[in-house]
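Q: Here's a structure for you.
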Amino acid sequence: MMPSRNTKISDLGEKKLVRRLLSRSQTPGINSLFLNKISIESLSDDAALLDLGDNFLVLCSDMLMQSTHFPEEMSYHQIGQKVVAVNVSDLAAMGSETIGIIVSMGLPKTMLVEEFDELVEGILNACQKYGMPLIGGDTNEASELTLCGTCIGKVKKEHVLMKSGAKQGDVIAVTGQLGLAASGFKVLEYGPYIDEDVKNMVIKHALEPEAKLNEGKLLSSSGYVSSATDITDGILSELGEIIDSNHGKVGIVLNQDDLPIPAEVFKIAEITDSDPFEMAMAYGEDFELVFTISPEGYDFLKSKINIYKIGQVDSSGTIKMIDKKGNTNIITPRGYEHLK
């Protein structure tokens, strides 16, 4: 259904707006030596893929704004680190290695030079961590700090990971625990009195996210993973994306007892009167990878890295949760979404 002339983009939200853009982005008659069928499919994935023969060039871009992405407690060094990490996370979701990053900056003219230097130091430190250089960018004046990173990577064609490809009977797994970043933001928001070590740990997860680059490369090179994405917007939202990318031919069955939610999340949820499962499943910002993999592949990878089985793939086209009482409930995909 076509929106009315008075429809605002906030009525659609980010995901529908992106789908609207993608539906018009392939102009008939325009061909490129660098595009193939998988390249076209990748337009709705974590990163775009350009055909380079034996490899794909992997390209992604993320924009971060002061009012939306950077809480007051975040230092300029941490802000610099984050603009790199969010982009590298998209490369990790594709199984890519890094080549370089371009960072364009919208800077308030009241920004101090020492704040700018701290921001750049955070960017450069993160680049070093993920094994790539800062290779360019732009600066301009803006009413609030706005950073746009464009990250470049490379992956062998036979190793590329995408949201499509999940198969009935696959295991669903994640590369780490869920809800720690949400706990950190809850602590910053409510300021509850908790153990200092717990407080520092969850706040670090919130303010200093780490992309799972090495894990992504290991998943891709294993040959067992059928689909993958990162979960910066919340795992329920991302599982919905996997279902959509498989044209609704697969579904997801999650086991509540298997969700890797640490005790700290339950403790902070209780103190802040929050739902720990909502924090773990819909809040996002954990920067882990969620992926589907054959059962034998899961056993193999489990012996190599720390991963957690959380469910399995079926053919229902929905997300279902088996709760602690053994009841099965259908869950609506949800998570953080811009423009809503």
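Q: Which condition number in (1) free of Cβ contacts under 8 Å to residues at least 12 places away in the same chain; (2) surrounded by 13 or more Cβ atoms within 10 Å (Cβ to Cβ); (3) polar (S, T, N, Q) is the one that SER303 fails?
A: Status for SER303: all satisfied but (2).
Q: If you scan segment 78-136, which residues turn out to be more than 18 Å from the chain's Cα centre (by Cα), within 29 Å of LEU49 (Cβ to Cβ) and of a type in the set (D, E, K, R)?
A: LYS129
Q: Could you identify the single residue in GLU189, GLU121, GLU115, GLU141 that is among the charged types (D, E, K, R), surrounded by fewer than 23 Cβ atoms within 10 Å (Cβ to Cβ) and at pLDDT below 95?
A: Details: GLU121 fails: at pLDDT below 95; GLU115 fails: at pLDDT below 95; GLU141 fails: at pLDDT below 95.
Residue meeting the stated conditions: GLU189.
Q: If I filter segment 170-181 for residues that are of a type in the set (A, V, I, L, M, F, W, C), modelled with pLDDT of 95 or more, part of a helix (DSSP H, G or I) and touching a helix residue (DSSP H, G or I) at 6+ places or on another chain (Cβ under 7 Å), do I get at least one hit? Even if it seems obvious, please write down each step before you answer.
A: Going through segment 170-181, the residues of a type in the set (A, V, I, L, M, F, W, C) turn out to be 171-174, 178, 180-181.
Checking the rest, the ones that are also modelled with pLDDT of 95 or more come to 171-174, 178, 180-181.
From what's left, part of a helix (DSSP H, G or I): 180-181.
Retained after the next criterion (residues that are touching a helix residue (DSSP H, G or I) at 6+ places or on another chain (Cβ under 7 Å)): 180-181.
Within segment 170-181 (the criterion being of a type in the set (A, V, I, L, M, F, W, C), modelled with pLDDT of 95 or more, part of a helix (DSSP H, G or I) and touching a helix residue (DSSP H, G or I) at 6+ places or on another chain (Cβ under 7 Å)), the answer is yes, since at least one residue qualifies.
Q: With SER316, SER274, SER294, SER303 as the choices, which residue is over 20 Å from the mean Cα position of the chain (by Cα) and closer than 30 Å to ASP197 by Cβ?
A: On inspection, the qualifying residue turns out to be SER274.
Q: How many residues are over 17 Å from ALA166 (Cβ atoms) and surrounded by 16 or more Cβ atoms within 10 Å (Cβ to Cβ) if we restrict to segment 309-330?
A: Matching residues across segment 309-330 total 2.
Q: All but one of (1) assigned to a loop (DSSP other than H, G, I, E, B); (2) modelled with pLDDT of 95 or more; (3) not aliphatic (A, V, I, L, M) hold for SER164; which doesn't?
A: Failing condition for SER164: (2).
Q: Take segment 266-300 and flag every residue that is acidic (Asp, Glu), in contact (Cβ under 8 Å) with a residue 60 or more places away in the chain and under 23 Å from ASP170 (Cβ atoms). First the steps, then the outcome.
A: Step one: filter segment 266-300 for residues acidic (Asp, Glu), giving 270, 273, 275, 278, 285-286, 288, 296, 299.
Checking which are in contact (Cβ under 8 Å) with a residue 60 or more places away in the chain leaves us with 285-286, 288, 296.
Those that are acidic (Asp, Glu), in contact (Cβ under 8 Å) with a residue 60 or more places away in the chain and under 23 Å from ASP170 (Cβ atoms): ASP286, GLU288, GLU296.
Q: Counting just the residues of segment 190-213 that are without any contact (Cβ under 8 Å) to a residue 60 or more places away in the chain and not in a loop (DSSP other than H, G, I, E, B), which one comes out nearest to PHE266 (Cα to Cα)?
A: Filtering first and then ranking leaves LYS199.
Q: Further question: Is there any pair with a first residue in segment 70-99 that is free of Cβ contacts under 8 Å to residues at least 60 places away in the same chain and a second that is part of a helix (DSSP H, G or I) and of a type in the set (Lys, Arg) whose Cβ atoms are under 6 Å apart and which are 6 or more apart or on different chains, and what are they?
A: none
The values are calculated or read from the model by the stated rules, or taken from the named source; none is laboratory data. In this text the structure is predicted, and so the values were computed from the model without any measurement. Methodologically, a virtual Cβ is constructed for each residue, glycine included, from the backbone with ideal geometry; neighbour enumeration extends over all protein chains shown.
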